[in-house]
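Enquirer: First the structure, then my questions, so here it is.
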Amino acid sequence: MLGKKKTPSGVDTVENATQNPDKEQPWKELGLKEDEYQSIREILGRRPTSSELAMYSVMWSEHCSYKSSKIYLRQFGEKVTDEMKKHLMVGMGENAGVVDIGEGLAVTFKVESHNHPSYIEPFQGAATGVGGIVRDILSMGARPVAVMDQLRFGAPQDPDTARVVHGVVDGISFYGNCLGLPNIGGETVFDKVYQGNPLVNALSIGALKHEDLQLAKATNAGDLVILFGARTGADGIGGVSVLASETFGDEGPTKRPAVQVGDPFAEKVLIECCLELFHAGVVAGIQDLGGAGISCATSELASNGNMGMKIQLKNVLLRDESLTPEEILMSESQERMCAIVPKKHLKGFEKIVNKWEVEYSVLGEVINEDRLYIDWGHEEIVNVPPRTVAHDGPVYERPVEYPKYQDALNTDSSAKLKRAENPTEVATQLMELISTPNHADKSWVTNQYDKYVMGNTALAMPDDGGMVRISEETGLGVALATDANGKYCYLDPYEGARQALAEAYRNVAVTGAVPRAVTNCLNFGSPENPEVMWQFKQATAGLADACQELGIPVTGGNVSFYNQTGDTAIYPTPVVGVLGVIDDVARRVPSGWQDDGNNIYLLGTTFDELDGSAWAKDLHDHLGGRPPKVDLQKERELADLLHGAAMQGLIEAAHDISEGGLGNAILEASLRFNVGARIWLGELMERDNLDLTAALFSESQARVIVSVGREDDVKFQALCEARGVPVLRIGVTDKESQSVEIQNVANLNLDDIRASWAGALPALY
């Protein structure tokens, strides 16, 4: 019967596709639109084979193709100044961005999402999120040196939140600790809007010498295509792709695990093996196998180098012999790499992988032709132009619509909320706020991670930014911070994205480092919702404009769409990571007081800005109005001041003021090393025309508190005046008191504060 004719092996071949043009294919089930399917037929001049259909479906998926976001992401490469390009070695388009940090050294860093797998299977979803981002860093020729994670969970009291929290934290700690990589920071946020759609964003950073840089491309005909690392299994088929659990046989669906399963010990060996391969100079190109597996690696390597490949799929080493060709192509099994190896270096390659007992197989070779040929034994199952798979997929300009709720949301100001009428009420609110899950001590989470393994961690949670030493000889290091405020972005996506960058930038600046580059992970709802696309358009424009103002480039990142439960999308949550450079980590600045009798200064101006604040949301369950104004020129001036003060040794501690306002920052700075403080707010309230609630809880931007030794007071104030940064003395550190005394408000015992602050999360989980 027509359409039922089988080739000897039973697979759908190119010959079969040509002879049976009208065979029905499951393009809809694979997430393709009808016009996309027709476009594939036009590209090939025939119907695709089932393997080709699988490849196109996954590579044209939102996750891999960025088809709904491309038109907006371009501006990160277009809105670029000479200042932004000064230290950039590799920008967007590669596995990760690379930034020159001096001394012939560079760092590569990137943040990516693993949201959906982490909801389905929290432990493995989060674990393989760490593994995947580490391989992205490795594929640039770098040694991974640290990780961070940015987590957002549902309502803290919801039973399902406990399932996700425990699984995710266990997965991150297991994989990272086994790899021996320090986890130096991140975020942990709770909000009911993330209930059915937690965000698990993972960041990694690696270090390399300039000459060790690797790129994901195949450029020389005759070079070998080698798959090495773990064997290919059934796990992850449909992980980030659209394949879910469907196979392509006539027998119907076969159930396969949708979430990848990671083995950190295999990855640890793979890292060392890859680094030795790079140093030996036997690899001409490298690509990790993450989303879309072999489909992605082969098509992207070929496309990036403007070449083709001829691949024998039967050469893939399997741990499940029942896998079909389509499943092999799509498998997202972890701990695998694809290398381009010149034939003259094959023996050198084999010697190194054998030394590390890493399995490998030669899949084929690079050809000087614009085709990707994949055979199954003696039969051809794929014959496509690789660029059409990897890069020239559909590009959509989705409908954009201003949200119907936006005007009402923005007019619903926090001004209507009742403010405290006396100091006792203010003190109660201060203690209440620091005990809420979003502001309480996160050490229940972070203590499960190893922060200091490898011995190069200079700062880690709960400091505002993480910091690692890159050069043991000179002390050269880098600082990292990530931030996103979904509430602000919901109120105003443009300003909210600018604020996320400003806060991450500030958190790097308070460590004493100079901000240099940006990575981002843009988490949004469905792109098929015009209101979500309006949020996305605004947020990307805000972020690109802000990067230009601050003079630091976006080096790469990730877009995660379809983050919603039913029709209800998450808050737009663009996670922004900022990397900074510090000449010597010995000059780092911690975020808490350490010495007695130091003066405490507030830098910046406070406005009555409580819309979208922790005070409004966490204490009054209110979200509306306008987010705080962002002045990036003031952020630059503040960062320059902090760097200058740190290099001159003028500041002992620095803590940025963000969520929770000045009150929260003071308490955290005191709790960091258990050093109390005496605080007075009268002059601040008079200067900036504030009441007590605004003085303590406003979330005005471009503000930091610092402690300064009395012997450096004059120098420090002169520096502030020279840089044009508003400065006001608001207190003094008091080690013996073991309390935070806010004059005419309250005297809060540090033990009492710590009990409330540290006990909140353990009581829930």
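The values are calculated or read from the model by the stated rules, or taken from the named source; none is laboratory data. Bear in mind that the values here come from a model prediction, so they are computed numbers and not experimental data. When we count neighbours, we look across all protein chains shown, and the Cβ atoms used for this are built from the backbone with ideal geometry, even at glycine.
Every residue, every condition in (1) in contact with a Phe, Trp or Tyr (Cβ under 9 Å, 6 or more places away or on another chain); (2) polar (S, T, N, Q), yes or no:
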residue	(1), (2)
GLY77	no, no
LYS85	no, no
GLY91	yes, no
ASP100	no, no
GLY104	no, no
PHE109	no, no
SER113	no, yes
PRO122	no, no
ALA127	yes, no
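Enquirer: Of (1) surrounded by 24 or more Cβ atoms within 10 Å (Cβ to Cβ); (2) over 24 Å from ILE71 (Cα atoms); (3) at pLDDT 95 or above, ASP464 satisfies all except one. Which?
Expert: Only one criterion in (1) surrounded by 24 or more Cβ atoms within 10 Å (Cβ to Cβ); (2) over 24 Å from ILE71 (Cα atoms); (3) at pLDDT 95 or above is unmet by ASP464, namely (3).
Enquirer: Residues in region 197-227 that are modelled with pLDDT of 95 or more, β-branched (Val, Ile, Thr) and either over 30 Å from GLY525 (Cβ atoms) or surrounded by fewer than 24 Cβ atoms within 10 Å (Cβ to Cβ) (or both): how many?
Expert: 2
Enquirer: Among the helices (runs of 4 or more DSSP H) confined wholly to region 608-700, which include 1 or more residues that are among the polar types (S, T, N, Q) and surrounded by 18 or more Cβ atoms within 10 Å (Cβ to Cβ)?
Expert: 661-673, 692-697
Enquirer: From the residues in region 29-57 that are more than 31 Å from the chain's Cα centre (by Cα) and either in a loop (DSSP other than H, G, I, E, B) or on the phi > 0 side of the Ramachandran plot (or both), which one is surrounded by the fewest Cβ atoms within 10 Å (Cβ to Cβ)?
Expert: Looking at the filtered set, the residue picked out is GLY45.
Enquirer: Sticking with this structure for a sec: Filter region 306-348 down to the residues that are out of contact with any strand residue (DSSP E or B) (no Cβ under 7 Å at 6 or more places or on another chain), of a type in the set (D, E, K, R) and buried (at least 24 other Cβ atoms within 10 Å of the Cβ) and list them by number.
Expert: Once the filter is applied, which keeps residues that are out of contact with any strand residue (DSSP E or B) (no Cβ under 7 Å at 6 or more places or on another chain), of a type in the set (D, E, K, R) and buried (at least 24 other Cβ atoms within 10 Å of the Cβ), region 306-348 yields GLU326, GLU327, GLU332.
Enquirer: Moving to a separate point now. Check THR540 against each of (1) hydroxyl-bearing (Ser, Thr, Tyr); (2) within 17 Å of VAL576 (Cα to Cα); (3) touching a Gly at 6+ places or on another chain (Cβ under 7 Å) and name the one condition it does not meet.
Expert: It fails just one condition, (3).
Enquirer: Okay, next question. Please verify whether PHE109 is in contact (Cβ under 8 Å) with a residue 60 or more places away in the chain, surrounded by fewer than 24 Cβ atoms within 10 Å (Cβ to Cβ) and either of a type in the set (Phe, Trp, Tyr) or in contact with an Asp or Glu (Cβ under 6 Å, 6 or more places away or on another chain) (or both), treating the condition exactly as stated.
Expert: no
Enquirer: Go through MET140, MET92 for me and flag whichever is of a type outside the set (Val, Ile, Thr), closer than 26 Å to HIS279 by Cα and surrounded by fewer than 23 Cβ atoms within 10 Å (Cβ to Cβ).
Expert: MET92
Enquirer: Quick check on GLY125: is it under 27 Å from ASP583 (Cα atoms) and either out of contact with any Pro (no Cβ under 9 Å at 6 or more places or on another chain) or not polar (S, T, N, Q) (or both)?
Expert: So GLY125 does not fit the description; no.
Enquirer: In the list THR482, THR428, THR411, THR446, which residue meets the criterion of being modelled with pLDDT of 95 or more, buried (at least 16 other Cβ atoms within 10 Å of the Cβ) and over 30 Å from ASP35 (Cα atoms)?
Expert: That would be THR482, the only listed residue that is modelled with pLDDT of 95 or more, buried (at least 16 other Cβ atoms within 10 Å of the Cβ) and over 30 Å from ASP35 (Cα atoms).
Enquirer: Kindly establish whether GLY557 is buried (at least 21 other Cβ atoms within 10 Å of the Cβ) and touching a Cys at 6+ places or on another chain (Cβ under 6 Å).
Expert: yes
Enquirer: Can you name the residue in region 506-545 that is of a type in the set (Gly, Ala, Ser) and under 14 Å from LEU73 (Cα atoms) and is also surrounded by the most Cβ atoms within 10 Å (Cβ to Cβ) among such residues?
Expert: Among residues in region 506-545 that are of a type in the set (Gly, Ala, Ser) and under 14 Å from LEU73 (Cα atoms), the one surrounded by the most Cβ atoms within 10 Å (Cβ to Cβ) is ALA539.
Enquirer: I need the full set of residues from region 42-63 which are within 13 Å of LEU30 (Cα to Cα) and among the polar types (S, T, N, Q), in order please.
Expert: SER50, SER51, SER57, SER61
Enquirer: Next question. Do we find a residue being part of a strand (DSSP E or B), on the phi > 0 side of the Ramachandran plot and in contact (Cβ under 8 Å) with a residue 40 or more places away in the chain anywhere in region 148-167?
Expert: No, region 148-167 contains no residue that is part of a strand (DSSP E or B), on the phi > 0 side of the Ramachandran plot and in contact (Cβ under 8 Å) with a residue 40 or more places away in the chain.
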